[in-house]
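Since the structure comes first, as structure tokens, the remarks are kept for the end.
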Amino acid sequence: MPLNLGSSPAAAAKVCAGVRASPQHRGSRHLLLRALDHPSRRVPSLSSSASAGRAAGPAMAAAEAGASVAAEARSTAAGVKQALISLSDKTDLAFLGNGLQSLGFSIISTGGTASSLEAAGVNVTKVEQITNFPEMLDGRVKTLHPSIHGGILARRDQEHHLKALNEHGIGTFDVVVVNLYPFYSKVTSGVISFEDGIENIDIGGPTLIRAAAKNHKDVLVVVDHKDYPALLEYLQGKQDDQQFRRMLAWKAFQHVASYDSAVSEWLWKQSNKGDIFPPSFTVPLSLKSTLRYGENPHQKAAFYGDKSLSLVNADGIATAIQHHGKEMSYNNYLDADAAWNCVSEFENPTCVVVKHTNPCGVASRQDILEAYRLAVKGDPVSAFGGIVAFNTTIDEDLAKEIREFRSPTDGQTRMFYEIVDAPGYTEKGLEILKGKSKTLRILEAKRSGKGMLSLRQVSGGWLAQESDDLTPEDITFTTVSERAPQDNELSDAKFAWLCVKHVKSNAIVIAKNNCMLGMGSGQPNRRESLRIAFRKAGEEAKGAALASDAFFPFAWNDAVEEACQNGIGVIAEPSGSIRDSDAVDCCNKYGVSLLFTGVRHFRH
């Protein structure tokens with residue numbers, strides 16, 4: 001039953017005088033609800049016991065009547081279940097409040113949460129009537145009080161804990177329902193002052209959550225409105241499921257940890273502008289899906305979204321919409337990410353085909369249908385069963401071409417793909433693509449952001465680096481050979497250089513007319529990668545551009561001379577070898593243009 005707080009001042013004074021000695025108080029239980037109105041109406045750190053014990057004074061005048069009523073309530077509420085709820089996000093609050101009230105809980109709350117509950121027909125006790133102390137410091141100090149936290153943290157199996165509560169007239173709480181100020185959305189919604197950011201840091205909320213989660217054996221803590229039905233169902237039952245309590249406690253601590261990681265990340269950036277490597281940091285990950293398996297069927301796997309502030313609006317594959325097809329696998333995510341990152345580099349209409357994270361076909365054309373055909377033609381054997389990505393909207397014509405296109409190897413076999421990825425689809429285009437295969441995964445993604453921190457796990461630690469965001473427009477292609485490249489050759493060299501950036505080292509790309517003709521990837525020596533690239537390019541390599549992700553350690557009787565002998569027109573490489581002069585001399589001998597970029601593109 002809810003508490004009746006309508007007693008007269010005389011009755012309240014009478015109860016207040018004897019409440020500490022009341023033997024009934026020990027059986028009193030509370031469910032705490034804390035309201036989150038506006039950051040200025042906040043709940044900060046724990047008050048001292050001395051503050052809690054004040055009996056009178058100017059600051060207490062406004063709360064005396066409420067204190068007396070609360071004392072009467074404690075003395076007469078033996079066995080009554082009571083509750084405290086503090087919500088910034090008030091989704092399903094009425095459902096929760098009415099559900100708890102129907103189960104016999106009296107509800108304690110503050111501010112906006114209390115008003116919302118009252119509007120829903122739920123009887124509410126104000127927190128200040130429990131603490132005997134008014135909120136202060138513009139609401140910064142409100143629930144951080146022994147009368148609240150003592151009732152949350154007291155262990156019911158420790159007699160001296162209960163005795164202490166009884167001596168101080170403090171009742172126990174069974175349920176704490178809290179969510180926090182929207183700090184994350186505030187600091188990512190646009191320009192926000194440092195002072196405003198600080199005011200949006202929740203103090204009282206995390207304190208309530210941590211206290212309840214620590215004492216989860218006796219206190220149920222809920223931080224997610226999706227758990228309200230499960231909470232009410234649990235409270236209706238007669239068994240005490242400690243596993244349920246532990247899961248709620250885990251979720252509560254994880255909720256606070258993610259919140260604190262956002263505050264920490266924001267404060268670091270505010271205090272250390274330009275330094276992207278803090279002494280320590282936390283990455284808040286949120287489970288998006290459990291995958292069928294990992295790289296191989298015997299490995300379990302899952303996909304997590306990164307909630308770091310730095311990745312807000314970063315987009316990419318993690319936020320892609322899947323319109324059709326089988327669920328994404330571990331390898332699908334890796335391949336789709338590689339394809340999307342590569343195709344997003346190009347400004348002109350472009351198609352990229354990826355197999356095992358390596359681009360095996362890339363072509364840019366104003367006619368995107370032609371670009372698609374050329375990209376597949378670059379390595380049709382590898383393209384079969386691969387991922388095809390576009391940086392333009394897929395319309396009806398392109399969708400038909402993807403659905404019906406036959407492999408250039410025999411002109412008969414319809415091309416099969418695991419994934420099609422694009423920034424958008426027309427209604428008809430999407431309908432046609434869905435008809436290609438029930439299993440074809442159709443993804444819609446936004447262009448990945450730049451300037452991200454790249455993380456990679458090694459045994460016992462993580463490597464962190466800036467993302468490789470350089471494009472041909474960011475660097476200088478310096479001619480070091482006697483023969484300077486023609487305009488079309490320079491354009492080919494830049495295209496090849498942008499492609500080779502996305503190929504696993506050792507990487508070689510041969511390209512002409514904005515089309516990748518062949519690539520060699522992942523070989524322990526650069527010469528072998530070069531031979532693979534030439535084998536794929538065939539006769540079309542004559543007069544084409546060749547890009548290498550790193551310098552050539554040898555020139556004569558090695559990769560550079562072999563490239564020249566195979567008819568390459570221009571070579572682009574970073575330079576940096578002690579034998580760079582040999583590469584220059586070799587290119588001069590064969591009349592090949594040699595460009596030094598000064599930028600290496602290793603990809604491991």
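Details
- About its Cα centre, the chain has a charge dipole of approximately 2180 debye under the convention of +1 per Lys or Arg Cβ and -1 per Asp or Glu Cβ, with nothing else charged.
- Debye log10 I(q)/I(0) at q = 0.08, 0.15 Å⁻¹ for the stretch 82-271, Cα point scatterers: -0.27, -0.94
- Beyond 21 Å in Cα-Cα separation lie the following of the pairs LYS377/LYS542; LYS504/LYS536; LYS251/LYS307; LYS288/LYS400; LYS288/LYS436: LYS288/LYS400; LYS288/LYS436.
- Packing, taken as the mean count of other beta carbons within 10 Å per residue, orders the peptides 243-251, 526-534 from highest to lowest as 526-534, 243-251.
- Residue-normalised accessible area of the chain, expressed per residue, 1.4 Å probe, Å²: 46 Å²
- Peptides 584-597, 489-502, 315-328 ranked from most to least packed give 489-502, 584-597, 315-328, packing being the mean of other C-beta atoms within 10 angstrom over each peptide's residues.
- Local charge for HIS323 was computed over the other residues whose Cβ lies under 14 Å away, with Lys and Arg +1 and Asp and Glu -1, and equals +1.
- The listed peptides 156-164, 172-180, ordered by packing as a protection proxy, come out as 172-180, 156-164 (highest mean of other Cβ atoms within 10 Å first).
- Taken as Cα centroids, the stretch 406-421 and the stretch 94-113 sit 60 Å apart, rounded to the nearest whole angstrom.
- One chain, two ends: ASP397 and ASN348. Fully extended at 0.36 nm per residue, the span grows by 15.8 nm beyond their Cα-Cα distance.
- Positive end of the dipole of the chain (Cβ unit charges, origin at the Cα centre): among SER548, PHE133, LEU103, the Cα lying farthest that way belongs to LEU103.
- Distance between modelled label sites at LEU455 and LYS217, nm, 7 Å Cα→Cβ extension: 3.4 nm
- Using a Förster distance of 35 Å, the FRET efficiency for LYS269-GLU473 (Cβ separation, nearest 0.05): 0.80
- Lys/Arg +1, Asp/Glu -1 at C-beta; the chain dipole; positive extreme among VAL191, ILE368, THR476: VAL191
- Summed side-chain charge close to ARG245 - residues other than ARG245 whose Cβ falls under 10 Å, Lys, Arg +1, Asp, Glu -1: -1
- Ratio of Rg to Rh for the stretch 478-596: 0.91 [Cα atoms; Kirkwood radius as inverse mean 1/r over pairs].
- By the rule of a C-alpha distance below 19 Å, with chain neighbours fewer than 8 residues away ignored, the aspartates and glutamates paired with LYS300 are GLU327, ASP335.
- In terms of accessible area, using a 1.4 Å probe and ignoring ligands and nucleic acids, MET452, MET519 rank largest first as MET452, MET519.
- For the chain, the relative contact order is 9 percent, taking Cα pairs closer than 8 Å that sit 6 or more residues apart in sequence and dividing their mean separation by the residue count.
- Inter-label distance, GLN565 to VAL191: 6.3 nm, where each label sits 7 Å from its Cα along the C-beta direction.
- Projected label distance in nm at LYS428 and ASN488, using a 7 Å step from Cα toward the beta-carbon: 3.6 nm
- The residue among GLY520, LEU463, LEU530 whose Cα reaches farthest toward the positive pole of the charge dipole of the chain, with charges on the beta-carbon of Lys, Arg, Asp and Glu, is LEU463.
- Segment THR319-GLN412, length gained on full extension (0.36 nm per residue, minus Cα span): 29.9 nm
- Taken over the stretch 388-519, the alpha-carbon convex hull comes to 198 cubic angstrom per residue.
- Nonpolar atom fraction for the chain, defined as the carbon and sulfur part of the 1.4 Å probe accessible area, stands at 50 percent.
The values are calculated or read from the model by the stated rules, or taken from the named source; none is laboratory data. Quantities reported herein were computed from a predicted structural model and do not represent experimental measurements. Cβ atoms come from the backbone with ideal geometry, glycine included; neighbour counts cover every protein chain shown. Each accessible area value is taken on the protein alone, full model and side chains, heavy atoms only, with ligands, DNA and RNA left out. Shrake-Rupley method; radii C 1.70, N 1.55, O 1.52, S 1.80 Å.
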